[in-house]
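These notes are about the structure you will find just below.
The values are calculated or read from the model by the stated rules, or taken from the named source; none is laboratory data. Just so we're clear, the structure is a prediction, and the values are computed from it rather than from any experiment. When we count neighbours, we look across all protein chains shown, and the Cβ atoms used for this are built from the backbone with ideal geometry, even at glycine.
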Amino acid sequence: MVQIDLSPLIGARPGERLSFTLDEGPQHLDDISVAFLRGPIQFTRVQGGILVEARVETRVEIECVRCLEPFPYDTVLEVEETIGLGRPRPGITYTLTEEGWFDPLPLLREQIWVNLPMKPLCRLDCKGICPECGANLNLEPCRCAEERVDPRLAPLAQFLKK
Ligand SMILES: [Zn+2]
Ligand SMILES: [Zn+2]
């Protein structure tokens, strides 16, 4: 959780602004792990709320759809969202606490989901896993070939192993 004090903006006139730089280490955003979150985040008082603008670099740990191994995925989160001052209402998902604190992580988490590829690959030529034996073909050869030896040839296979 990251808490930013936006209380000075509550009573401010539209157009007034607070700027911060996020520089966070490893974070768990519910179901997403990131190695860092870095970049400028700016809050501008607008009519009825606060406009958040951010450009945050991050490295997300995601799973390759082919080999199921986790790998780091770098992306830049471009955020432009209005947050409310009171309770959430239609179109306003995020709000300040009564004391004027704001945690940008849920908003950034949502933006990470938007940025992630539908079918992440650890590398373009990922060989995936063998559906039969489960071997990660990037790391090891498939073992199925030896197991699928024709039983009639089994004695020969035995012989060749010696
Ligand atoms: Zn892979
Ligand atoms: Zn196999």
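Quick notes
- Residue within the range 66-74 that is modelled with pLDDT under 95, in contact with a Pro (Cβ under 8 Å, 6 or more places away or on another chain) and crowded, with 16+ Cβ neighbours inside 10 Å present: no
- Scanning the range 30-64 for residues that are more than 30 Å from Asn136 (Cβ to Cβ) and outside any strand (DSSP E or B) turns up Gln47, Gly48.
- Per the listing Leu124, Leu116, the residue uniquely within 16 Å of ligand 1 (Cβ to nearest atom), modelled with pLDDT under 95 and within 11 Å of the chain's Cα centre (by Cα) is Leu116.
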